[in-house]
Amino acid sequence: MKLRWTLTVFVWLVLLGGLIGLIDEAWENKWLSIAGLAVAGIFFLMMVILYAGCAFTPRLPKRLVVPVSLFFAWVFCGAFPLLLWTKNHTNLVLSILTCAMGLGFLYWLRDEKQFFPLRNPAENRPPFEWKNLLIFGGASLILAPLFFAVCMTGTIAHALTENTGGFLQVRPAGIFTQERTLERNHQRVYLIGMMHAGSKDFYDSVLSDVPKGSKSLVLLEGVDDRRNLLPSGDFDARFRKLNRLLGLTTQLQSSFTEHAEKKLKAPSDSESVHYLQADCDISSLQPQTIAWLRELMAVFSAHPWQKGLLRLENPDSPLRSEKITRIAIKDILQGRNKHLLALIEQSLNTYDNIVVPWGAQHMPWIEQKLKEQGFREIHRADHQIVRF
């Protein structure tokens, strides 16, 4: 009887969570959100206990516990590919699906003799079976990580594509970056989405499509710090170790950066391709952004790494402030984008081709502004930046 009451509470929590989600979508309220979090916390704890319990006792109905657990694990991982179709209405659709699932299980488990508690279709099974433990436990150990990996990969791939306007795409063969060529009055702008790490082959060939016969300018990314506002140090050391383990090259250590730095130090007017450091200086960013960057660098450079985590626990840390974080991200992206766009417009007075190998997140805004000025896309090419 106790198990029947546990399952009853579990199913009603599913329905209650869906109802709170629906009401919250229609009428946003602080206390409603807190109630939703409380229900979600209790439900998640019950879900984990019941799913683990399915391995130890056949009396827990797997046809109830497993589908519910898989559904909410899928939601936790981002609900891919549902979000491809629902866009801004994903939470509403998930709330409707949750309500439908709760109502469906209430109907299936209803007891015709009494309203409470719900019926347990597995209550006549033995309390323990080795066969059940080995099969369910073994299958969960193998399939659960695979399920999470597939869901998370799909969600991350979608987020990467959405946030970069398609300039970065995850495919079965690897991560690809796009190069888009825009043209206006026989002048061209080459937008090349970049990552901070990639294959050596990609960096070796990233400028292979730059026209050599006509006057071209490569606008390079890289923030200056002339006033030494940020702490000095080798902040990329840990990332370089990870990249070496994955067989990748950091952009700072690539042949592309090495070649660009040589051209910046010894420019030649006789060459058709020129290079220009096109990023802004740290001093042009807002004070909140500089404080946020200093704290971020302190976290990443902390040794041992546990000290970095302790800094994050400080409630006064700029990284803990949603307001400062929003300001910093907006400043780092939009502020630098506007600076870059102004240089592109200025350089078009002198050069026939402008090449922009910048981080892929910068590209959608730059592309939009150029198209508003009369540029049109005439070509796009895919380059594999990471091979799986």
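Some values worked out for this structure:
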item	result
Thr8 under 30 Å from Pro127 (Cβ atoms), part of a helix (DSSP H, G or I) and among the hydroxyl-bearing types (Ser, Thr, Tyr)	yes
Failed item in (1) touching a helix residue (DSSP H, G or I) at 6+ places or on another chain (Cβ under 9 Å); (2) among the aliphatic types (A, V, I, L, M); (3) over 19 Å from Val9 (Cα atoms), with Met46 passing the rest	(3)
Single match in Gly359, Gly335 (criterion: surrounded by 12 or more Cβ atoms within 10 Å (Cβ to Cβ) and touching an Asp or Glu at 6+ places or on another chain (Cβ under 9 Å))	Gly359
Long-range neighbours under 9 Å by Cβ, at least six apart or interchain, first residue β-branched (Val, Ile, Thr) within the range 138-158, second assigned to a helix (DSSP H, G or I)	Thr155/Leu83
Conditions (1) among the hydroxyl-bearing types (Ser, Thr, Tyr); (2) touching a residue at least 24 places away in the same chain (Cβ under 8 Å); (3) closer than 25 Å to Pro58 by Cβ; number of the one not met by Ser95	(3)
Within the range 333-352, tally of residues that are more than 20 Å from Gln187 (Cα to Cα) and either among the polar types (S, T, N, Q) or over 26 Å from the mean Cα position of the chain (by Cα) (or both)	2
Residues within the range 331-388 that are assigned to a helix (DSSP H, G or I) and either basic (Lys, Arg) or outside the structural domain of Ala291 (by TED's automatic domain parsing) (or both), tallied	4
Near pairs, Cβ below 8 angstrom, 6+ apart or cross-chain, from the range 214-232 (touching a residue at least 24 places away in the same chain (Cβ under 8 Å) and β-branched (Val, Ile, Thr)) to any residue that is assigned to a loop (DSSP other than H, G, I, E, B) and surrounded by 14 or more Cβ atoms within 10 Å (Cβ to Cβ)	Val218/Leu207; Val218/Val210; Val223/Asp279; Val223/Cys280
In the range 270-304, the residues that are among the hydrophobic types (A, V, I, L, M, F, W, C) and touching a residue at least 40 places away in the same chain (Cβ under 8 Å)	Val273, Leu276, Ala278, Cys280, Ile282, Leu285, Ile290, Leu293, Met297, Ala298, Phe300
Selection within the range 1-12 - in contact (Cβ under 8 Å) with a residue 60 or more places away in the chain and aliphatic (A, V, I, L, M)	Met1, Leu3, Leu7, Val11
Among the residues listed as Leu83, Leu106, the single one being in a helix (DSSP H, G or I), farther than 22 Å from Leu16 by Cα and assigned by TED's automatic domain parsing to the domain that holds Val150	Leu83
Selection status of Arg227, modelled with pLDDT under 80 and touching a helix residue (DSSP H, G or I) at 6+ places or on another chain (Cβ under 8 Å)	no
Qualifying residue in the range 13-34 (condition: in contact (Cβ under 8 Å) with a residue 12 or more places away in the chain, under 22 Å from Phe128 (Cα atoms) and not β-branched (Val, Ile, Thr))	no
Filter result for His303 (outside any helix (DSSP H, G or I) and farther than 30 Å from Asp352 by Cβ)	yes
Search result, residues across the range 1-56 that are surrounded by fewer than 17 Cβ atoms within 10 Å (Cβ to Cβ), of a type in the set (D, E, K, R) and out of contact with any strand residue (DSSP E or B) (no Cβ under 9 Å at 6 or more places or on another chain)	Lys2, Glu25, Glu28, Lys30
Residue in the range 128-143 that is closer than 21 Å to Gly17 by Cα, among the basic types (Lys, Arg) and either at pLDDT 90 or above or more than 36 Å from the chain's Cα centre (by Cα) (or both) present	no
Selection from the range 273-285 of residues that are assigned to a strand (DSSP E or B) and either touching a Pro at 6+ places or on another chain (Cβ under 9 Å) or hydrophobic (A, V, I, L, M, F, W, C) (or both)	Val273, His274, Tyr275, Leu276
Only listed residue being at pLDDT 95 or above, under 26 Å from the mean Cα position of the chain (by Cα) and part of a helix (DSSP H, G or I), chosen from Ser69, Ser33	Ser69
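Each row is one residue, and each column tells you yes or no for (1) touching a residue at least 24 places away in the same chain (Cβ under 8 Å); (2) under 21 Å from Val48 (Cα atoms); (3) among the hydrophobic types (A, V, I, L, M, F, W, C).
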{"position": "Leu82", "(1), (2), (3)": "no, no, yes"}
{"position": "Asn88", "(1), (2), (3)": "no, no, no"}
{"position": "Cys99", "(1), (2), (3)": "yes, yes, yes"}
{"position": "Gln114", "(1), (2), (3)": "no, no, no"}
{"position": "Phe136", "(1), (2), (3)": "yes, yes, yes"}
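The values are calculated or read from the model by the stated rules, or taken from the named source; none is laboratory data. Everything quoted here is computed from the prediction, not taken from an experiment. All Cβ positions, even for glycine, are placed from backbone atoms using ideal geometry, and neighbour counts span all protein chains on display.
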